[in-house]
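Report on the following structure.
The values are calculated or read from the model by the stated rules, or taken from the named source; none is laboratory data. Everything numeric in this text was worked out from a predicted model, so none of it was measured. Note that each Cβ is placed from the backbone with ideal geometry, even for glycine, and that neighbours are counted across all protein chains shown.
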Amino acid sequence: MWLERQVVEFCSPTLSGIKTGSLFNFRYEGEKELSGELTRLNESLNAKGVYFRLLKMCKERALIYVYREKKLDEELAKEEVSEFLGRMGYAPSGSQAAVEKLNEHFMEGNAFPHEIGVFLGYPIGDVIAFIENKGRNSKYTGCWKVYGNVDEAKEQFMRFRRCTEIYIRSYERGKNLRELTVSA
């Protein structure tokens, strides 16, 4: 279960409910097997509010987005986030339509759609500042480039790190993804 191991390693804060979404690259053997695994994970974890979405595939690598639908809906409902995404071509709608649009942005070309930060639960101010500064001039770099409150971001990064350590230990002791995933 190599995919499950990577989900635990890269998505524990999302599985635990303390983060909106996570993104990771996965090396896959075949498209059919990957599709089957993602379907299996969705069947297992959608009832707990966690969704898996393939955003892009190229040369045996898959970019997978794991998210909490309810948390993403809450994020998208914020006025500043809604206005920002509107400028990026997103229609005001729920998380499923927004993830569809994000997927389109990934498929449109080689440029990485930096609005992904919203989908990962990064502070909107940091997402906007990252785009405006072209990734430069941040005050601190951790899970994302911080342009706003560094102390708050460092605290959040520490929570994510502790969560991941606990989840990896639990997984290695035999807990499966369903057992590790907190219900919404």
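Structure above, values below:
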quantity: Count - residues of the stretch 163-184 that are surrounded by 13 or more Cβ atoms within 10 Å (Cβ to Cβ), under 23 Å from residue 122 (Cα atoms) and of a type outside the set (A, V, I, L, M); calculated: 4
quantity: Single residue of the stretch 104-122 satisfying the filter (at pLDDT 95 or above and in contact with a strand residue (DSSP E or B) (Cβ under 8 Å, 6 or more places away or on another chain)) that is surrounded by the most Cβ atoms within 10 Å (Cβ to Cβ); calculated: 119
quantity: Hey, residue 15 in contact with a Leu (Cβ under 6 Å, 6 or more places away or on another chain), in contact (Cβ under 8 Å) with a residue 12 or more places away in the chain, within 20 Å of residue 121 (Cβ to Cβ) and not in a helix (DSSP H, G or I) or not; calculated: no
quantity: The stretch 18-46: number of residues that are part of a strand (DSSP E or B), surrounded by fewer than 20 Cβ atoms within 10 Å (Cβ to Cβ) and under 13 Å from the mean Cα position of the chain (by Cα); calculated: 3
quantity: Boolean, residue 146 is β-branched (Val, Ile, Thr), buried (at least 18 other Cβ atoms within 10 Å of the Cβ), in contact with a Lys or Arg (Cβ under 8 Å, 6 or more places away or on another chain) and within 24 Å of residue 40 (Cα to Cα); calculated: no
quantity: Check on residue 99, at pLDDT 95 or above, within 17 Å of residue 56 (Cβ to Cβ) and among the β-branched types (Val, Ile, Thr); calculated: yes
quantity: Qualifying residue in the stretch 47-66 (condition: buried (at least 18 other Cβ atoms within 10 Å of the Cβ), in contact (Cβ under 8 Å) with a residue 24 or more places away in the chain and assigned to a helix (DSSP H, G or I)); calculated: no
quantity: Scan of the stretch 85-95 for residues that are surrounded by 13 or more Cβ atoms within 10 Å (Cβ to Cβ) and farther than 12 Å from residue 119 by Cβ, ordered by number; calculated: 93
quantity: Residue count, the stretch 82-108 (criterion: closer than 22 Å to residue 184 by Cα and aliphatic (A, V, I, L, M)); calculated: 3
